[in-house]
Amino acid sequence: YQAQAASRAPAAAPPAGGTLLLDSLKEKLVRCHDGTISRAGGHDLEGKKLVGLYYSAHWCAPCRKFTPELVEYYNRVVLAHPEFEIIFISSDRSRFAWDTYIQESKMPWLAIDYDQLADLGGVRNLGGDGIPSLLVVDEGSHIVASSYDRAKYLGPQNALAALDKIFAAGGQVAQAR
């Protein structure tokens, strides 16, 4: 998947300065809980071995159809796999739409603060050309699952199927690739 994503998104390498992708996001995270969005700490990613980067938007009908499926999936697997987390990366056009989408869909995971998105062009490009898109990286920021097979869009269910294989293999990423 790393090679596939690299052919589609040259920004797949860690940001300049050698900082791993997930480390570069820690200070930009928020979490929604009971309808209130609050700043998340960098500790929210500690111990996470697999992180899904979920590219989506309130205005996108396929996204709004898939997001409840992802919420259900997350709620089902996160207790058994506390090493897993999701980060929402919005393609919304306003803070209001971003906020509304998080609250309406009851996203239980982390999100990049809307005001921080403009500075994350490379991270946003990793998601590919279409949404919804799910990209899963390991703790070393290597892509282990994606909504794409090279340039072909397969949808976020492709990444969830790969995650299921990883979880079934006891979290052994190399066996599931």
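The values are calculated or read from the model by the stated rules, or taken from the named source; none is laboratory data. If you're wondering where the values come from, they're calculated on a predicted model, not measured in any experiment. Glycine gets a Cβ as well: all are built from the backbone with ideal geometry, and neighbour counts include every protein chain shown. Areas reflect the complete protein model, heavy atoms only, side chains present, ligands, DNA and RNA absent. Shrake-Rupley method; radii C 1.70, N 1.55, O 1.52, S 1.80 Å.
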With F88, F96 as the choices, which residue is surrounded by fewer than 20 Cβ atoms within 10 Å (Cβ to Cβ), within 17 Å of C32 (Cβ to Cβ) and either within 12 Å of the chain's Cα centre (by Cα) or hydrophobic (A, V, I, L, M, F, W, C) (or both)?
F96
Test L154 against the criterion of being open to solvent by less than 10 Å² (accessible area, probe 1.4 Å) and within 27 Å of G170 (Cβ to Cβ), and give yes or no.
no
Would you mention how many residues in segment 138-161 are under 14 Å from the mean Cα position of the chain (by Cα) and of a type in the set (A, V, I, L, M)?
5
Residue, surrounded by the fewest Cβ atoms within 10 Å (Cβ to Cβ), within segment 22-37, restricted to residues that are among the basic types (K, R) and touching a strand residue (DSSP E or B) at 6+ places or on another chain (Cβ under 6 Å):
R31
Please go through (1) within 15 Å of the chain's Cα centre (by Cα); (2) within 19 Å of L135 (Cβ to Cβ); (3) open to solvent by less than 30 Å² (accessible area, probe 1.4 Å) for E69 and return the number of the only condition it doesn't satisfy.
(3)
Which of the residues belonging to segment 128-142 are within 19 Å of K48 (Cβ to Cβ) and either at pLDDT below 90 or open to solvent by 10 Å² or more (accessible area, probe 1.4 Å) (or both)?
D138, E139, G140, S141, H142
Just to be sure, is A61 touching a helix residue (DSSP H, G or I) at 6+ places or on another chain (Cβ under 8 Å) and at negative phi?
no
Tally time: how many residues in segment 38-62 are touching a Leu at 6+ places or on another chain (Cβ under 8 Å) and either over 24 Å from A80 (Cα atoms) or surrounded by 14 or more Cβ atoms within 10 Å (Cβ to Cβ) (or both)?
11
Please verify whether segment 120-143 includes one or more residues that are touching a residue at least 12 places away in the same chain (Cβ under 8 Å), of a type in the set (A, V, I, L, M), touching a Lys or Arg at 6+ places or on another chain (Cβ under 7 Å) and on the phi < 0 side of the Ramachandran plot.
no
Of those in segment 101-122 that are open to solvent by less than 30 Å² (accessible area, probe 1.4 Å) and not in a strand (DSSP E or B), the residue farthest from R64 (Cα to Cα) is L120
In segment 81-100, what residues are closer than 19 Å to H58 by Cα and in a strand (DSSP E or B)?
I86, I87, F88, I89, S90
Could you check, for segment 2-21, whether at least one of its residues is exposed (fewer than 14 other Cβ atoms within 10 Å of the Cβ), modelled with pLDDT of 80 or more and either of a type in the set (D, E, K, R) or more than 23 Å from S147 (Cβ to Cβ) (or both)?
no
